[in-house]
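Asker: Please see the structure below; I have some questions.
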Amino acid sequence: MASKLATCFVYRNLNQSHPNTVVRFPSSLSHGLLLPASCKMRQRSLSSQHKKQHIKKASHEQPSTDGDPQPGQDRDSEHREPSLDSLPNVNNEILSSTDTGNIDSVEKLDSPILIPETTPSAVNINGAEQAEQLSGGQLVDMLGMIQNTEKNILLLNQARIHALQDLEKILAEKEALQGEINVLETRLAETDARIEVATQEKIDVKHLEEQLEKLRSELAQSGNPEGGDTELHAHLNRFLNDEYPPSHNESIHSLTVELNSLREENASLKSAIESFKAQLNDVNNTSERVVVLEKERSSLESALKDLESKLLESQEDLSELSALRVECKDLREKVEDLQVMLDNATKQANQDITVLQQNQDLRRKLEKLEASLEEANNYKLSSDKLQKYNEEMQQKIKSLEERLQKSDEEINSYVQMYQDSAKEFQVTLSDLKEETKKRALDGPVEDMPWEFWSRLLLMIDGWSLEKKISVDDANLLREKVWKRDRRIRDTYMACEEQSENEAISAFLKLTSSATSQGLRVIHIAAEMAPVAKVGGLGDVVCGLGKALQRKGHLVEIILPKYDCMDYDRICDLRALDVVIESYFDGQLFKNKIWVGTVEGLPVYFIEPHHPHKLFWRGTYYGEHDDFKRFSYFSRAALEFLLRAGKKPDIIHCHDWQTAFVAPLYWEMYAPKGLDSARMCFTCHNFEYQGIAAASELESCGLHAHQLNRPDRMQDNSAHDKVNAVKGAVVFSNIVTTVSPTYAQEVRTAEGGHGLHSTLSSHSKKFIGILNGIDTDAWDPATDPCLEVQYNANDLQGKAENKAALRRKLGLSSADHRRPLVGCITRLVPQKGVHLIRHAIYRTLGLGGQFVLLGSSPVHHIQKEFEGIAEQFQNHDQVRLILKYDESLAHAIYAASDMFIIPSIFEPCGLTQMISMRYGAIPIVRKTGGLNDSVFDVDDDTIPPRFQNGFTFLDANEQDFNGALERAFNLYMNNPERWKQLVQKDMNIDFSWDSSAAQYEQLYSSAVARARARNLLN
């Protein structure tokens, strides 16, 4: 009510200059309002927003007139505001009433509050009498409203006393004070507006003064000083009477007075606002203090209860203690009695012991006397027996002497036989030694590392390329190296300090016809771990090559010589003194050949002398001319084989980068004499196929018009383009991919990326072979990157590696049983980046820790994960390392309890095999090689000995959550079964031996068919 009354302004005519002006009260005073019972008194059932709009409307309402305005009044009406003379008194009355009533906020009232309804009135003010009547009528209305307001205040106070608690009073008063502040702020805004109007009036007065001064100056210049003042006054009176009636001056005076009053009220309102704010702060502080006191009271009550319970317990203990004291006193008395009895018994026992010792002495003397008597009797009886015994002994001695003589004769005969046998043994041993020496010379040497034989083979190939030995002699020497012949080993050792010519002469003496049962295999690839690795291709080339080498096959690798290779991992790298020329873009380019050993395998590096620096760009892939770069390398590799005189049984090329080798071999190099090999092509990912315009084939010498056909290299989707992978599938004798499941997936339209029809038509030579891992490089028992080495029988080392990684990455170590989930991957859509992102937050929700290692070549994905990494920068449960770090990868494998691989598709995948090797249980999607290597522990259709991880089918968050939650449940609730699962996974054989045996069988079958065909021809 107070806020409404404060906005009721009575519009009064200034100096009765407008007798027809009608003053209307705001409609809010003329209608009765029924407030709901749940209203708050200070808010007056109106929101702050509604009240501000209502006050604004009332304060800006212009007075209406009953008749037409008189001339000259238009300008006045534009700048004139109603008088506010009565406003301060009304406000003071209402505010005092409010303070007297001590109005607080009321949450609930049993009855509504009625505000009196007043009839709208318009008062015609025509002179002083009507003005007095108007003031009297207003006063009556206001007094009536104030009385009703005071009644309502009493009702509210009564309701407040019975209904509110102390804490509710404080909170309600806080809201009420905020409402009052809002009203006062609104009034302050209205006052500021009126001050602006008054200021404008002052500006008009100043303008009039300036005009007056101007008129005086004009009169002074007119040259009539005597009548100047009279004329000036007359002119001024006429101007003022025409422009401004006499009442205007009085209006200006009243406005000035009103302006001063408004300023005073403004200052008072500001002080009131400040006081209200101070009260509000006190209320807030009081509220907070009440909450704190309530908490302290609760804690004190609980402490009191604890003390009471302890007091009761102590009283019970005290009663028990009293009973125990009585019992203890009784026991002391009993102990004293027992002590007396014990002393008496001790004395008696000492006496008994003395008597017993005396008896024992007497008994011993008696026994000695009895023994002496018995011996005397026995001596008398045995004298006759002794004589008879002596006679018998004499007879036995005679018989023994006879037997001894016979045994001497037998021993002499046995000694003679032994001497004869020893002579025969020496002869036989000499023969065996000679035979062993002979076999050792002819048999393979087992005590030399593969690096030695690879280095020896590269030296012989260098001599052959440099024309220092013939191709036939080189082949014969290669055969001896292949068989690890001891004589060639000894010759090499003897020639280490000799000149090259002397060494060549010594090696040529060893040349003789030789045959071998092993295969000669040459891999032509764009990658090889660890010197040039981007993905799994590099691991396959190295791992498969080493496995075939261990099986007795001659394996060689041909790579481009990148400038960004890890040259520290290449042993004995050197350039051959020979230049190989190869055709490209219509001309011949020179190529420098480098040789070295990597992981014990002989490797040839081709360095093109091309103006475009094809492999000196600081990167392996991703260049705009990759099609040209690798077609050039494919032809240069075959040119090297031709010039070196090599006769491989198998040429194995990998992925689209070296897929050009197959058509180049059959179209161009087999007719030139390089025709001994069968072609094997392995596609590690059919998503990348090497598609380009057909004219691009012309650069490497292939004829586009012959190969751009549906049955050869023409792309199945764009007929004006060629597909390098399709060409390799068509022109190869063996086509493989990296897992059986992936081989089935790529024969479908969804998984084949356009090549499903081609693969289906060549299905007889297409097979999927699951890759292996290099168990020497990935072995937790010998891994130098680990804090502690460990194995399946000693898992304590795995726990120590987990603690070490937590320290290194700044993760929490408070709970050693908290599971650590790892992920090492390239962040590309194929790897299921949306599920990896989801896994971070889900792992946190399940109470685990998460570590991610990897980066993305896709800009927006890299930016997204950089944002996530920044979000968790200071988090003690999550760490994202957005790069690849080989040693850190080993540490993460060893520290992780679980490993996620949620790939959309995965041709093979080595991550799951490595994680199991290190005891991290894989959580994978059932696709490609993941489906061939990970089998769910909860799948009853799978034999228990093969169950090794957790799988899910669909690439959505719901299925992934199911697998992750099952893994967490087993880890947390069944530690013993989890330990058994870890040990089983670590003992699984994921080496290359099984995969290499399958490749060996494919190679041998292809070579056998080729040789049979040649015999028939």
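Asker: Compute the accessible area per residue over region 793-989, keeping the other protein chains in place, probe 1.4 Å, unit Å².
Answerer: Accessible area per residue: 41 Å².
Asker: Share of region 449-509's accessible area from carbon and sulfur, percent, 1.4 Å?
Answerer: That share works out to 47 percent.
Asker: What FRET efficiency, computed as 1/(1 + (r/R0)^6) with R0 = 41 Å and r the Cβ-Cβ distance, is obtained for THR941 and ASP572, rounded to the nearest 0.05?
Answerer: Plugging the Cβ-Cβ distance into 1/(1 + (r/R0)^6) gives 0.20.
Asker: On to the next question. Need one number: nm distance between label points at GLU957 and ASN412, each 7 Å from Cα along Cα→Cβ, rounded to one decimal.
Answerer: If labels sit at GLU957 and ASN412, their model points lie 10.5 nm apart.
Asker: Next question. Pairs LYS721/LYS765; LYS798/LYS831; LYS546/LYS808; LYS533/LYS926; LYS551/LYS765: which are spaced more than 30 Å apart, C-alpha to C-alpha?
Answerer: Exceeds cut-off: LYS546/LYS808.
Asker: Would you please give the residues with an amide H less than 5 Å from that of SER903, counting only those at least 5 places away or on a separate chain, with H modeled from the backbone geometry?
Answerer: Amide H neighbours of SER903, under 5 Å, 5+ apart: ARG925.
Asker: Below 11 angstrom from the Cβ of THR758, what's the summed charge of the other residues (Lys, Arg +1; Asp, Glu -1)?
Answerer: Once all neighbours under 11 Å are counted, the net charge is +1.
Asker: Follow-up question, since we're still on this one. Just to confirm my numbers, what's the Cα centroid distance between region 769-816 and region 584-639 in Å?
Answerer: 38 Å
Asker: Further question on the same structure: Please give the length that would be gained between SER812 and GLU451 if that part of the chain were fully extended, namely 0.36 nm times their separation in residues minus their C-alpha to C-alpha distance (nm, one decimal).
Answerer: 125.5 nm
Asker: In nm, give the distance between the simple-model label positions of ALA494 and ALA803, each being 7 Å from the Cα along the Cα-to-Cβ direction.
Answerer: 5.9 nm
Asker: A further question on this structure: Going by average Cβ neighbours within 10 Å, how do the peptides 732-739, 290-297 rank, with the highest at the top?
Answerer: 732-739, 290-297
Asker: Kindly state, to the nearest 0.05, the FRET efficiency for ASP204 paired with VAL140, given R0 = 41 Å and r defined as their beta-carbon distance.
Answerer: E between ASP204 and VAL140, to the nearest 0.05, is 0.65.
Asker: Continuing with the same structure: Beta carbons within 10 angstrom, averaged per residue: use that to sort the peptides 768-777, 995-1004, highest first.
Answerer: My ranking of the peptides, most packed first, is 768-777, 995-1004.
Asker: Probe of 1.4 angstrom, ligands and nucleic acids ignored: what's the accessible area per residue over region 535-631, in square angstrom?
Answerer: Result: 38 Å² per residue.
Asker: Name all residues of region 691-734 having a backbone nitrogen under 12 Å from the label point set 7 Å from the Cα of LYS764 along its Cα→Cβ direction, giving them as ranges.
Answerer: Hits in region 691-734 for LYS764 at 12 Å: none.
Asker: Can you tell me how much longer the chain between LYS277 and GLU301 gets when fully stretched, taken as 0.36 nm per residue apart minus their C-alpha distance, in nm with one decimal?
Answerer: 5.1 nm
Asker: Still on this structure: Residues with beta-carbon under 12 Å from that of ALA636, excluding ALA636: net charge, scoring Lys, Arg +1 and Asp, Glu -1?
Answerer: +3
Asker: Can you send over the carbon and sulfur percentage of the accessible area for region 520-766, probe radius 1.4 Å, protein chains only?
Answerer: 48 percent
Asker: Hey, rough spin-label estimate for GLU374 and VAL335, points 7 angstrom out along Cα→Cβ, what's it come to in nanometres?
Answerer: Going from the GLU374 label point to the VAL335 one covers 5.4 nm.
Asker: Further question on the same structure: Once you have the Cα-Cα distance between GLU623 and LEU795, take 0.36 nm times their residue separation minus that, and quote the gain in nm to one decimal.
Answerer: Result: 57.3 nm gained on full extension.
Asker: Tell me, what is the FRET efficiency for ASN284 and ASN260 to the nearest 0.05, using R0 = 41 angstrom and their Cβ-Cβ distance as r?
Answerer: It comes out at approximately 0.70.
Asker: LEU362 label point, 7 Å along Cα→Cβ, cut-off 15 Å on backbone N: hits in region 331-351?
Answerer: Flagged as within label range: none.
Asker: Of the heavy-atom accessible surface of region 815-933 (probe 1.4 angstrom), what whole percent is carbon and sulfur?
Answerer: That fraction is 49 percent.
The values are calculated or read from the model by the stated rules, or taken from the named source; none is laboratory data. Predicted, not measured: the structure shown is a model, and the values here were computed from it. Cβ: placed from backbone, ideal geometry, glycine included. Neighbour counts: every protein chain shown. Heavy atoms of the whole protein, side chains included, go into the accessibility calculation; ligands, DNA and RNA do not. Shrake-Rupley method; radii C 1.70, N 1.55, O 1.52, S 1.80 Å.
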